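Peer 1: The structure is given below, and queries will be raised subsequently.
Nothing in this text is a laboratory measurement; each read-out follows from the coordinates by a stated rule. Treat the numbers as computed from the prediction; the structure is a model and nothing was measured. Cβ coordinates were reconstructed from backbone atoms using ideal geometry, including for glycine residues, and neighbour counts include every protein chain displayed.
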Amino acid sequence: MQLTANDYKMTRATAERVILETNEAERGSIVFRKATITTRAGRRLERYCLVFDGHVIRSAQEWRRFRSPAGFTSALISKLHEVTA
């Protein structure tokens, strides 16, 4: 899985809050990724993303959508399409 700068959108506090919302079993399968992003103005920012069961979680909103029954089902269907393609 190749990640780009656009995949790293969370601050550390948001990423930690998302991780704290999970149970022990889910925490074992979450990969916490960090990148240093340089803005056009030259500022360097640390940004994070989470990889959960092959899905890239870029923000707290994406995490909430993924945790909903409809989001989880659509994620499984997209993963099924990847495997069968």
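Peer 1: Given Cβ point charges of +1 (Lys, Arg) and -1 (Asp, Glu) and nothing else, what value in debye, to the nearest 20, does the dipole of the range 5-84 about its Cα centre take?
Peer 2: Working: 15 positive and 9 negative charges, 103 e Å.
So the dipole magnitude of the range 5-84 works out to roughly 500 debye.
Peer 1: Can you give the FRET efficiency to the nearest 0.05 for Ser68 and Arg12, using r as the Cβ-Cβ distance and R₀ = 22 Å?
Peer 2: Plugging the Cβ-Cβ distance into 1/(1 + (r/R0)^6) gives 0.35.
Peer 1: May I pose another question? Taking θ = phi - 60°, what integer Hz values does the Karplus form 6.51 cos²θ - 1.76 cosθ + 1.60 yield along the range 42-55, in sequence order, with x for Gly and Pro?
Peer 2: Going residue by residue, I get x, 6, 9, 10, 8, 10, 10, 8, 10, 10, 10, 6, x, 10 Hz, with x marking Gly and Pro.
Peer 1: Can you compute the radius of gyration and Dmax for the chain, using only the Cα atoms, both in Å?
Peer 2: Spelled out, the Cα radius of gyration and Dmax of the chain are 13.9, 43 Å.
Peer 1: Same structure, new question: What nm value, rounded to one decimal, do you get for the distance between Ala60 and Ile37 when each label is placed 7 Å out toward the C-beta?
Peer 2: Placing both labels 7 Å along Cα→Cβ, they lie 1.6 nm apart.
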